[in-house]
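The values are calculated or read from the model by the stated rules, or taken from the named source; none is laboratory data. Keep in mind that this is a model prediction, so the values were computed, not measured. So basically every Cβ, Gly included, is an ideal-geometry build from the backbone, and we count neighbours across all protein chains shown. Areas reflect the complete protein model, heavy atoms only, side chains present, ligands, DNA and RNA absent. Shrake-Rupley method; radii C 1.70, N 1.55, O 1.52, S 1.80 Å.
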Amino acid sequence: MLRYKPKLNPTSSPKNEPISYSSFKEMSKYDNYKRKYKKMKKMVQELIFENAALCDQIAILQEKTLLLIEERNFLWKKLQQYQPYGDNDSHYRTQGMSHSTDGSVKKGSTKRRNDRIASDSSEVNKTPKSSKKPSSLCKKKKLVNSIPLDANGKPIFPIVLGDFTVHSLGEVCDKSEYHTEELIYPVGYCSTRIYGSLKDPEKQCVYTCKVMDGGQAPRFEIVADTDLDVPLVSGSIDECHSMLLQLINNCLGAEVVNTKGRGADFFGMSHPTVHHLIQASPGVRKCKGYVWTKFEQVSLSSQSSPDELEASLSYSALLRSISFSKSHLENVREKDEESLRGILLS
């Protein structure tokens, strides 16, 4: 009867056969390579984990950087709202009363100061009242972008200026309610602007802005291409814009944008190029309450404007404000959860 004999591994030696020096050397060399391989594999795994951790940290820092940039832009816009104080009374604030070494006030200095104040007040009273025009004195020269013109020197429509497009300038009305000292509201003015949708502010839509004839006063209308049946109409251009911003906040469920209306900026009529074109329209000289503005043409076709950083006017700024608001709410929620967990554990 045949018996099964297992095959011996050529690399392994029988127990009764002694291991030679050469085979022992080869086995030790193999074990050395194996240890090096395991060590390198462990180092590679550690480097992979470290790289992943660094990538996560970089992503967090980038998000924090974007939030800080958005906060800086918001604070910068808030700072621009405050006008610097005039220097008219700085002379009297800086001219203190001169004191002697014993702390008493010198009569001569007080008398000279009173005489100086009296002389200045008399000079102010002598100036004619017609020269006091703060609105015209405060106005600065505005820069105008160059736009294409036809053979007759008229602008070619549509005029694309950043996020908004002007389709028609309309006709100037000389009624008092159709203009202010700074702006003119021509009847038939039409422009479109890309902004957040009323149904989902994170998705963009096109808003059509119109100035219509309302009799004694103009009517302003904003219509979204997603809600053509629900126009926003008001007798005030700022109130019309404020209604839109309020609907955006109601859809988001948070105060993401400032609801203070900036209708002239949203319609595009305060843009220097559009303002210059409206001022050059026929019939402007009949607007008695309007103060003319000086313009200077520049060769650049596109000019950066601080309005691009305003969430109430720019769609990209609105998206940044929405992401900033969401991250802020998440941080507040995490802090509340941590405080609640600490209270429960204590």
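For segment 131-259, take the convex hull of the Cα atoms, compute a quarter of its surface area, and give me that in nm², please. Show your work: numbers first, answer last.
Numbers: hull surface 43.1 nm².
Result: 10.8 nm².
As a calculated quantity, the FRET efficiency between Glu63 and Met43 at R0 = 30 Å, using C-beta atoms, amounts to about 0.45. Of the GluC sites (Glu not before Pro) found in segment 152-198, those in coil by DSSP whose Cβ has at most 16 other Cβ atoms within 10 Å are Glu181, Glu182. Surface calculation, 1.4 Å probe, protein heavy atoms: Lys64 sits at approximately 120 Å² accessible.
For the set Leu47, Leu345, the ranking by accessible area, highest first and with no ligand, DNA or RNA atoms included, is Leu345, Leu47 under a 1.4 Å probe. Between Asn331 and Ala53, the simple label model (points 7 Å from Cα in the Cβ direction) yields a spacing of 2.4 nm. Computed over protein heavy atoms with a 1.4 angstrom probe, the accessible surface ordering of Met243, Met40, largest first, is Met40, Met243.
Which pairs break 19 Å Cα to Cα here: Lys154/Lys286; Lys260/Lys294; Lys64/Lys335; Lys203/Lys326; Lys64/Lys326?
Pairs exceeding 19 Å: Lys154/Lys286; Lys260/Lys294.
Its Cα gyration tensor gives segment 219-276 an equivalent ellipsoid; the semi-axes, largest first and in whole Å, are 21, 15, 10.
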